[in-house]
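The values are calculated or read from the model by the stated rules, or taken from the named source; none is laboratory data. These numbers were taken from a predicted model, which means no experiment stands behind them. No Cβ is skipped: glycine too gets one built from the backbone with ideal geometry, and neighbour counts run over all protein chains shown. Accessible surface is based on the protein model in full, side chains and every heavy atom, while ligands, DNA and RNA are left aside. Shrake-Rupley method; radii C 1.70, N 1.55, O 1.52, S 1.80 Å.
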Amino acid sequence: AIPVRSSRLPLLSDAMPAPAHLFPLIRNCEISRLCSTVCYCHHKHLCCLSSHFAHSHFRYAPQKKFVALYRPKENFNHFIHARDYASTPQRFYLTPPQVNSILKANEYSFKVPEFDGKNVSSVLGFDSNQLPANAPIEDRRSAATCLQTRGMLLGVFDGHAGCACAQAVSERLFYYIAVSLLPHETLLEIENAVESGRALLPILQWHKHPNDYFSKEASKLYFNSLRTYWQELIDLNSGETTDVKEALINAFKRLDNDISLEAQVGDPNSFLNYLVLRVAFSGATACVAHVDGVDLHIANTGDSRAMLGVQEEDGSWSAVNLSYDHNAQNEHEVERVKMEHPKSEEKSLVKQDRLLGLLMPFRAFGDVKFKWSIELQKRVIESGPDQLNDNEYTKFIPPNYHTPPYLTAEPEVIHHRLRPQDKFLVLATDGLWETMHRQDVARIVGEYLTGVHHQQPIAVGGYKVTLGQMHGLLTERRARISSVFEDQNAATHLIRHAVGNNEFGTVDHERLSKMLSLPEELARMYRDDITIIVVQFNSHVIGACQNEEL
Amino acid sequence: AAGMFLRLLSDVRWRAADPKWRRMTCSRRSTSSTAEPHPVSLPAQARVVICGGGIMGTSVAYHLSKMGWKDVVLLEQGRLAAGSTRFCAGIVSTARHASVELKMADYSNKLYQQLEQETGVKTGYTRTGSVSLAQTQDRLISLKRIASSLNVMGIPCEIITPKQVAQLHPLINIHDLVGAMYVPEDALVSSANVSLALATAASRNGVQIHERTSVSHVLVQKGRVTGVGTDRGQIQCQYFVNCAGQWAYELGHSGEEPVNIPLHACEHFYLLTHPLKEPLASNIPTVVDPDGRIYIRNWQGGILSGGFEKNPKPLFTEGRNQLEIHNLQEDWDHFEPLLSALLRRMPDLEALQIMQLVNCPESFTPDMRCIMGESPTVQGYFVLAGMNSAGISYGGGAGKYLAEWMVNGYPSENVWPLDLKRFGTLQSSRTFLRHRVMEVMPLMCDLKVPRWDFQTGRQLRTSPLYDRLDAQGARWMEKHGFERVKYFVPPGRDLLDLDQSKTFYKPDWFDIVGSEVKCCKEAVCVIDMSSFTKFEISSTGDQALESLQYLFSNDLDVPVGHVVHTGMLNEKGGYENDCSIARLSKRSFFMISPTDQQVHCWAWLKNRLPDDSSLTMEDVTWKYTALNLIGPRAVDVLSELSYAPITPEHFPSLFCKEMSVGYANGIRVMSITHTGEPGFMLYIPIEYALHVYNEVMNMGQKYGIRNAGYYALRSLRIEKFFAFWGQDLDAFTTPMECGREFQVKLEKGMEFVGQEALLEQKQNGVYKRFTMFILEDHDTDMDLWPWWGEPIYRNGRYVGKTTSSAYSYTLERHVCLGFVQHFDEKTGEELVVTTDFINQGEYEIDIAGQRFQAKAKLYPFSSLFTHRRRKDEEELSGYQRE
């Protein structure tokens, strides 16, 4: 079976789930153009590659442009009328429980286990969630605890031109990082175990939502590449202790290199062969956090973002960026790209805020169309399977393509020493950051995690307050915080705000309901996939670590 | 580390005790106890050391010194009455459900009333009375039940109408009330001053009181208290009393020999206001509005109002966690529901100005009753703590009972419901306590209906058959942490309905239990009774027999394979335990006791069995699953499964044999049922439990076997007048008083505990008599059901209370069991109760104020027994005289 997830929105009563076995038919299914897909057709089951081609060709059509073209209200009315024949209009509004079931479908929480009644980790736990806009979703998320070294890894991956690359990176990157961090002896031990067929030391403990799957078919291939990597590390034995920053950079670059190599070499198994090509021809950004005690490293490639939530002394919340977006808005990044190519290309390098006028992120995994030489691309495609040859997108060579590579997966790594006032970390794909300012994110998560009432306790003090006044005040506060209690997951809470916030910054149920009941063809115009991980830090442990060091 | 911890705690309590504390910021450390010289040095030894200078500690000291024990030292880590005592609301309320609690509260009230006169210390005692409001009919029933109990205790009390409520308290909104209970003699006190008064009196009687002295640990040698370690040195002592309030748990665990005191603190909030424009009269009654979860009392012309919220905040779960301490702040958002309830009850208070929201932690216990008594593991280690926010009401009485316990060896009342030994280590998990108290605290205000079960801390001890039974529709209750089946919901019945059967009337499982009972009578039922406590006692020589002959009242020198029902009596002849003992061999015995006897019975025997290595006692409760086969066809099922003759000739009643059942060998089969029905108990090594159960159910199919639960068992045993220990029998009941002379061998050739008392009773007659009452004019469908604790009236005069009740499906009547006393009409003096006295009266049972005619019987209906067995007739010969 091909890893197709039927992660459609359960938004309409007659929306059928996409059965996986229909997949082979998909490529024969003609895909209606986005703009004309007002009438919802539930027989179209889109695969990773073709859906992408149809929908958001490298984000050719930025959301905002579309929103400007179709004023949402009209669009909605149009849609409702179009559906009148099939269902009654009142079905349209989702009830709060329906909204919740959509928002919570992918939520996941992990609490770091306590030993002897105490949590000695600097991480209390994390909440994560995803809300698809693409069908299937192209975002991925990963979280794991390193078992042979200390620390925890968390990451969000935003795929484009399909989900294959994001999927591969979400499965593989943490192994590369973990291996890069391993001391020489452990690597030897693992290699010896593999050599003699003994049981391997577990390297990672994954914290996965049931929907977060791993590809079974490719595991052997992936494992072999990984093994080659650690064998090289063993041979290279520098004797030095592993620097986390270096390890992260090496792991990112190595994985991207392996993705590229695997596509060039191919695989005798036709399914795998097609898979490695899809991985290489699609792309993914990655934003990964490594937390070990008070040391927080963020490795970022692309335009997902890591943000630290800091509680000021007065109890208010502020946001600190722990990553730089690699896109046209980042001057340094534009500068870097220009430096790497001859001056003659200066004008064609970045057009319409896109790399070569096509790609929004300036760094990414995969995307060999921006990395390989034209000859290599042609050779691989020609010798590749028919599916690849039939695909317009893969055959298309970017304009002004003279001095590849134009794209790198090398991350920018930021190290931050955690302080007691650093309460949480938000890792999120650009779907969140497009709709919310980081300052609002910091406030909403901060208030959620502490509970509004904890943040500002009422004290009577010396003031003259009557019972009636107090009662009025408390009733009002209760009404305000009740929305917080709907969510048991900070990421869900954040998505609720991101999707449902009205102009006053409060969640508007009607808006939330409308946004979530968009048919999948339309959803992508109003929002992007959103993936969020909120890591909560243990201020007591962090404070204690600091004191010890002082 | 423990010392350090208690030091920190003393700082905390200081902070709470001293209003100036907030102003003393950084100099706190230097002003703590070590900096100030102690005027008096600690004595090197004392008879008793009491830890804790709150209401409990001072009350124990007061009563000990009154009873003549003067060599007593009381240690307080901060200052006297500085903990919960200082902050509690100071309401003395006698409206209690349990009889012993009611008696404690009544005594406290009377004690506090004269305390000022006795000591010269102003206690602020004001008799205000209290009004408990009912917003629902069910609540009114609950209040009426209390009122019935109070009245027979001689405590004035009446059920009043909403209009009368308005006359008593002008501020109360009566529109949503259906009635109320007025207790005119309830009072208010300054709790700290009461505590100081008790301390003053104790001190005058010779008790030494040392403040700012922290107990770090208790010294134990050979299972006895030998001394106490404090931050100011050691004190040798014979007795230690842990009155450390919410720190009692922690202190109990600080020594080498841990003493489990299961209690846990929760935050408790109350509100203080400035005086009203027209200040409240000082004698305005205290208002308790349980449906609104609040209480309201007069406080210096304003009000003091607090309550028991639905979502309590437990704290100090980790004990020494200092972080939680700073959370002891006003939490208005948390208080909001209670404030709403207050303003709904007294809308005119809207304009009243707030003074303060006080956060005063209170300690709660797993079953909402306080903890009192001696540790089962450490002799001389006494405990009085866990007052569930009623410390002031209980303080006087609880201190008195504990002092009696220490001085006389037993208190003057049956305090088993409060005895520390009702708990074991299994209730001491911090997680369990934290979860349970979150349920207990809201229960303070919840309606107490018959047969409610705790929902938290469940599924701790289970039989290996738990899942099997659960899948067959079992509904569970819990006893001593063990899950037991109440009844089995037949397939197709609406489950939700049944779980919500909280009523004072006929419950909706009525027919379900009825059919289980019918099956027990006509075919065969199987009941999992694994929870019962099981000990094995054996010796190399005759020590086991000799010791048991001394400790038990019946003759245990029976042929091997016989089972004996016997009491484990105290010196006064009262039942400490009621059990069945099987003689497995000449030198080993198998003893079955009620579930909640696990700790008490163990401690009782441990302390009395000779210290002899050749004599061993083992708790084998966990080793055996017990299945009870009840009913006329039980014999058929068993004989088919064992291929052994089970006829009365081969297997007479009260007999015990090891045999095979199905493939499993070594099943201990006893011909007893605990209900009077024919049948067998199967004690099965747990690994065989599932096999034997499956075999029994398969084989039983053709005999119409089905599962049954404890409710059926209960109905069966009560209609046959079988008394159960813990419910009907207690340490103040002798075999003579409950018609069990046949279980006592007064002439068994050797002395036994309680023999003298029983001989005397035999000669002089008894002062109370266990009696069975059949309700005559009671409509099962329409009338309130009896529960227990209902007053019994004979010829219109109060003669005693019921102890248990059940509907008899055979008699189609309600049966109540209870004790009848004979009070002299003029003097109230207790007189001997004769058979004639019982038989020649007209009886009524008072259920929530309504009296029902009842027929009294001293012996069960012989027709209810299907005698097949010789031994049965022998055993029941005593009954036949009727």
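For this structure, a couple of remarks:
- The range B:46-364: proportion of alpha-carbon pairs further apart than 26 angstrom, %: 52 percent
- Under Stokes-Einstein, with the Kirkwood radius over Cα pairs as Rh, the value for chain B at 4 °C and 1.567 mPa s is 45 µm²/s.
- What you get for the protein assembly as shown, charging only the Cβ of Lys and Arg (+1) and of Asp and Glu (-1), is a dipole of about 1300 debye around the Cα centre.
- Among the chymotrypsin sites (Phe, Trp or Tyr not before Pro) in the range B:462-551, none sits in a DSSP loop with a Cβ that has at most 12 other Cβ atoms within 10 Å.
- Under 17 Å from B:Lys110, Cα to Cα: lysines that are on another chain or at least 8 residues apart: B:Lys66, B:Lys122, B:Lys400
- Low-density loop positions, trypsin sites (Lys or Arg not before Pro), the range B:157-256 - DSSP coil, at most 12 other Cβ in 10 Å: B:Lys222
- Cα long-axis angle, helix B:55-66 against chain B (0 to 90 degrees, to the nearest 10): 80 degrees
- The range A:216-272 versus the range B:415-451: alpha-carbon centroid distance in Å: 59 Å
- Dipole axis of the range B:46-364 (+1 Lys, Arg; -1 Asp, Glu on Cβ), positive-most option in B:Leu75, B:Leu64, B:Ile91: B:Leu64
- Rounded to 10°, Cα long-axis angle of helix B:689-700 versus longest principal axis of chain B: 50 degrees
- Chains B and A together bury some 1700 Å² of accessible area, summed over both sides, with a 1.4 Å probe.
- Sequence-distant lysines (8 or more away, or on other chains) whose Cα lies within less than 30 Å of A:Lys220: A:Lys208, A:Lys245, A:Lys253, A:Lys369, A:Lys371, A:Lys378, A:Lys395
- Efficiency of FRET between B:Asn607 and B:Val558 - r from beta-carbon atoms, R0 25 angstrom, step 0.05: 0.45
- Debye, to nearest 20: dipole size of the range B:46-364, +1 on Lys, Arg Cβ, -1 on Asp, Glu Cβ: 940 debye
- Hull shadow area, averaged, the protein assembly as shown [alpha-carbon convex hull, nm²]: 63.3 nm²
- Partner aspartates and glutamates whose Cα lies under 14 Å from the Cα of B:Lys448, excluding those fewer than 8 positions away in the same chain, are identified as B:Asp138, B:Asp291, B:Asp367, B:Glu439.
- Shown for chain B: the carbon plus sulfur share of the solvent-accessible area, taken with all protein chains present and a 1.4 angstrom probe, equals 48%.
- Inter-probe distance in nm under a simple model that places probes 7 Å from Cα toward Cβ, at A:Ser219 and A:Thr95: 4.1 nm
- Value at 222 nm in deg cm²/dmol, rounded to 500, when DSSP H runs of n ≥ 4 in chain B each add -39,500 (n - 2.57): -8000 deg cm²/dmol
- With every protein chain in place and a 1.4 angstrom probe, the accessible-area ranking of A:Tyr176, B:Tyr643, largest first, reads B:Tyr643, A:Tyr176.
- Selection from B:Gly227, B:Tyr793, B:Pro860, by position along the positive dipole direction of chain B (Cβ): B:Gly227
- Across the range A:463-475, rounded Karplus estimates of 3J(HN,Hα) from the backbone phi angles (6.51 cos²θ - 1.76 cosθ + 1.60, θ = phi - 60°) give 6, 8, 10, 8, 4, x, 4, 4, 4, x, 4, 5, 4 Hz, Gly and Pro being marked x.
- Other residues lying with their Cβ under 9 Å from the Cβ of B:Gln543 contribute a combined charge of -2, Lys and Arg counting +1, Asp and Glu -1.
- Solvent exposure of the protein assembly as shown as accessible area per residue, Å², 1.4 Å probe: 41 Å²
- Debye, to nearest 20: dipole size of chain B, +1 on Lys, Arg Cβ, -1 on Asp, Glu Cβ: 1420 debye
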